[in-house]
Amino acid sequence: MAGRHHVRTRRFSSPAGIAAAAALGVTLAVGGTVGAVQLTAGSEPARPVAVDLSPATPTSAAPSSPSLSPSPSVTASPTATRSPQAPSRSKPRTASPKPTATAKKTATTKVVESGSCGASFYSDGQLTANGENFNPDALTAAHKTLPFNTRVRVTNPDNGKSVTVRINDRGPFIEGRCIDLSRAAFAEIASLDLGHVAVRYEVLG
C-alpha cells in the first residue's frame, strides 16, 4: 500500500457507538480484501487456454506395416519312397556291348551241273511221275534222271531269256531233247509256235 492510515482508537461506551464501530471494522476489512483482489487481478491479465488441435497419435500402438497380399499356399508333394534295390542292382555294372551291324546274307545260287540240249513243252492234263496233278500253268518240267524238286534254270541263248523250273516228272523220251517244260515255262523263253528250241540248262544246288 502507498500510504499508511493512522487509525485512532476511539472508545465507545454506548451500544450505538459499539455497533457503529463494528460496522466500520467490517467495512474496512471488506474494502481491503476487495482492493487486494483487484490489485492481484490487474497485475497479470488472464491468458487463454491453449487447445492442441493436432490429431492424437496413440503411443502404445506400433506403426502399421502395409498389408501384404497372402502368398499362395504351397502343398508339398509327397516324398517318393524308393523300394529296396534288388541284389542284382548292387553288383558292378558293365557296359553292354554295342550292337554290330550285320550284313544281310544273300542267298547264293550254286550251279551243280550245266549243259546244252533241246527243250520242248507239253500241256496235256495227267498225273506227274511224283504223283502230282499236272498243271500246265505252273513252272515245272520233266527230266530223265534229275531228282524230283531239283531246280533247273533254263536259258534261251537266242534272246537271253531264262526261267527257273522245278522237276516233278520224267521225260522227254525223244532223241536230242533233255528237258520237257510246262506250257507256261516254255512261254517264258520262247514262242509256243516254235514247239522246241535249243537251250542251255544249269542245275542249281
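Worth a mention:
- Here residue 183 clears all of (1) among the basic types (Lys, Arg); (2) surrounded by 14 or more Cβ atoms within 10 Å (Cβ to Cβ); (3) out of contact with any Pro (no Cβ under 6 Å at 6 or more places or on another chain) except the condition numbered (3).
Each row is one residue, and each column tells you yes or no for (1) surrounded by fewer than 12 Cβ atoms within 10 Å (Cβ to Cβ); (2) farther than 21 Å from residue 191 by Cα; (3) modelled with pLDDT under 95; (4) within 60 Å of the chain's Cα centre (by Cα).
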site: 104; (1), (2), (3), (4): yes, yes, yes, yes
site: 108; (1), (2), (3), (4): yes, yes, yes, yes
site: 122; (1), (2), (3), (4): no, no, yes, no
site: 125; (1), (2), (3), (4): yes, no, yes, no
site: 148; (1), (2), (3), (4): no, yes, no, no
site: 152; (1), (2), (3), (4): no, no, no, no
site: 159; (1), (2), (3), (4): yes, no, no, no
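- The strands (runs of 3 or more DSSP E) found entirely in the range 137-201 that carry 1 or more residues being without any contact (Cβ under 8 Å) to a residue 60 or more places away in the chain are 140-143, 151-155, 162-169.
- Given (1) part of a strand (DSSP E or B); (2) open to solvent by less than 50 Å² (accessible area, probe 1.4 Å); (3) closer than 25 Å to residue 193 by Cβ, number of the condition residue 116 does not satisfy: (2)
The values are calculated or read from the model by the stated rules, or taken from the named source; none is laboratory data. In this text, all values refer to a predicted model and were calculated from it rather than measured experimentally. No Cβ is skipped: glycine too gets one built from the backbone with ideal geometry, and neighbour counts run over all protein chains shown. When the accessible area is computed, the model is the full protein with side chains, heavy atoms only, and any ligands, DNA or RNA have been set aside. Shrake-Rupley method; radii C 1.70, N 1.55, O 1.52, S 1.80 Å.
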